[in-house]
Amino acid sequence: MKKIIQFVFVLLLFGCGATQSKSNGDSGVPSGPSGVKGSVVASNIAVPGLVFTNSDSVGKIIGFLASDELNGRDAGSPGIEKAAQYIEGVFSRNGIQPFFGTFRDTLDNSDKPMYNIVGVLEGTDPDLKDEFILIGAHYDHIGTSTPVNGDAIANGANDNASGTTTVLEMLRYFAQAKTNKRSLVFAFFTAEEKGLWGSRHLAKRLKENDFNLYTMLNFEMVGVPMVDKDYLAYVTGYGESNMAEVCNTYAQGNIVGFLPSAKEFNLFMRSDNFPFHKEFNVPSQTFSTFDFTNFDHYHKVGDEVSEMDFDHMATLINTFIPVVADIANATEQEIKYN
């Protein structure tokens with residue numbers, strides 16, 4: 001019965017919105033609150049790849065984004081404004097250019113000021129640079145929730161400061177490497193928790209501007225490793241495309257797998273990948289490590305930094321960076337819907 005209740009409770013996961021060379025990190029990254037912990041549970045997946053980020057760098061970023069100072073990052077709140085400024089600072093320090101003339105993509109479907117943060121790193125190939133890969137994560141959460149022991153702040157460490165941290169570290173790598181032949185757009189979505197408002201707005205706006213989207217890669221709830229799996233992450237809409245096959249081929253290992261629960265609860269439609277699928281009909285999918293058994297704090301005040309596994313996150317980032325690089329540099333568009 002407990003498992004059934006868990007499944008029903010997270011039915012709205014990701015679309016919670018559906019109802020309402022070696023580096024020590026960026027020197028400009030705030031250290032976050034004191035007492036930020038290191039690894040909680042070490043990932044048991046051994047994968048090859050570069051070592052770019054580490055648990056210290058990951059901990060500093062997620063430690064700030066999920067700190068009490070940001071008060072749960074509710075869309076349109078002062079807390080998420082601090083997160084937006086932080087992300088803009090990472091963009092600026094790393095030479096990422098605003099996509100729209102400003103980093104802020106203001107929503108037109110909200111009474112409060114809400115905005116996605118969007119930047120672009122132009123590709124190096126004169127022809128392929130006109131094709132775009134969008135790498136995204138939502139940076140909002142729900143603000144406050146039912147108090148527990150006097151704590152009402154739903155910090156949203158796993159949901160989705162973990163995905164935001166992942167994309168920020170990928171951004172930092174590619175900004176330094178400058179080897180991407182295709183252009184990379186880094187997008188941080190607001191108001192996912194209110195019904196995918198931010199991604200719906202951006203997908204529509206880009207479509208209206210004849211944006212040449214090759215694929216959209218979204219990262220959501222990647223803060224803790226899966227239990228007893230022989231792959232690092234699953235991808236939503238697994239059977240819809242050859243995304244997993246291409247990623248595993250590039251990684252020369254089994255890093256992306258199929259999670260039956262993701263299909264059972266149709267998670268493909270419940271995160272920020274889905275509006276891009278609807279608007280562009282190109283492979284637009286979400287990578288996650290939430291497996292319905294490894295995290296009990298969804299939309300609760302217990303979604304704290306102390307629950308995150310920084311070593312796992314660093315491993316995931318270091319593993320996916322070469323995969324994204326291969327996607328960006330392949331001579332042909334190899335990822336296709338089935």
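What to note about this one:
- Residue list for the stretch 258-280, restricted to those being of a type outside the set (A, V, I, L, M), farther than 26 Å from ARG73 by Cβ and surrounded by 18 or more Cβ atoms within 10 Å (Cβ to Cβ): PHE280
- Filter result (assigned to a loop (DSSP other than H, G, I, E, B) and not polar (S, T, N, Q)) within the stretch 234-253: GLY237, GLY253
- Restricted to the stretch 91-107, and to residues there that are over 14 Å from GLY198 (Cβ atoms) and among the β-branched types (Val, Ile, Thr), the residue that is most open to solvent (accessible area, probe 1.4 Å) is THR102.
- Filter pass, ILE80 being crowded, with 22+ Cβ neighbours inside 10 Å, assigned to a helix (DSSP H, G or I) and in contact with a helix residue (DSSP H, G or I) (Cβ under 6 Å, 6 or more places away or on another chain): no
- Residue check, ALA233 of a type in the set (A, V, I, L, M, F, W, C), within 28 Å of THR315 (Cβ to Cβ), under 15 Å from the mean Cα position of the chain (by Cα) and at pLDDT 95 or above: yes
- Answer from ILE117, ILE135 - the residue that is in contact with a Lys or Arg (Cβ under 7 Å, 6 or more places away or on another chain) and surrounded by 22 or more Cβ atoms within 10 Å (Cβ to Cβ): ILE117
- Sub-6 Å Cβ pairs linking a first residue in the stretch 197-218 that is among the polar types (S, T, N, Q) to a second residue that is surrounded by fewer than 16 Cβ atoms within 10 Å (Cβ to Cβ), at least 6 apart or interchain, are ASN212/ASP130, ordered by first then second residue.
- Residues in the stretch 129-149 that are outside any strand (DSSP E or B) and either more than 19 Å from the chain's Cα centre (by Cα) or more than 25 Å from ALA187 (Cα to Cα) (or both): LYS129, ASP130, GLU131, ASN149.
- Scanning the stretch 191-233 for residues that are touching a Lys or Arg at 6+ places or on another chain (Cβ under 8 Å) and either more than 22 Å from ALA244 (Cβ to Cβ) or in a helix (DSSP H, G or I) (or both) gives a single hit, ALA203.
- Residues of the stretch 262-303 that are under 17 Å from the mean Cα position of the chain (by Cα) and charged (D, E, K, R): ARG270, ASP272, ASP291, ASP303.
- Output for the stretch 276-305, where each listed residue is aliphatic (A, V, I, L, M) and farther than 25 Å from THR319 by Cβ: VAL301
- Residue in the stretch 138-169 that is farthest from PHE91 (Cα to Cα), counting only those that are of a type in the set (S, T, N, Q) and open to solvent by 10 Å² or more (accessible area, probe 1.4 Å): ASN149
- Against the criterion of being aliphatic (A, V, I, L, M) and in contact with a His (Cβ under 9 Å, 6 or more places away or on another chain), MET243 does not qualify.
- Only residues that are basic (Lys, Arg) and closer than 24 Å to HIS141 by Cα were counted in the stretch 172-212, giving 5.
Listed here are the residues, each with its yes/no results for (1) in contact with a helix residue (DSSP H, G or I) (Cβ under 8 Å, 6 or more places away or on another chain); (2) at pLDDT below 95; (3) surrounded by fewer than 23 Cβ atoms within 10 Å (Cβ to Cβ).
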position	(1), (2), (3)
LYS229	no, no, yes
ALA251	yes, no, yes
ASN254	yes, no, yes
VAL282	yes, no, yes
PHE310	yes, no, no
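The values are calculated or read from the model by the stated rules, or taken from the named source; none is laboratory data. Note that the structure is predicted; figures quoted are calculated from it, not measured. Cβ: placed from backbone, ideal geometry, glycine included. Neighbour counts: every protein chain shown. Surface areas here come from the heavy atoms of the whole protein model, side chains and all, with no ligands, DNA or RNA. Shrake-Rupley method; radii C 1.70, N 1.55, O 1.52, S 1.80 Å.
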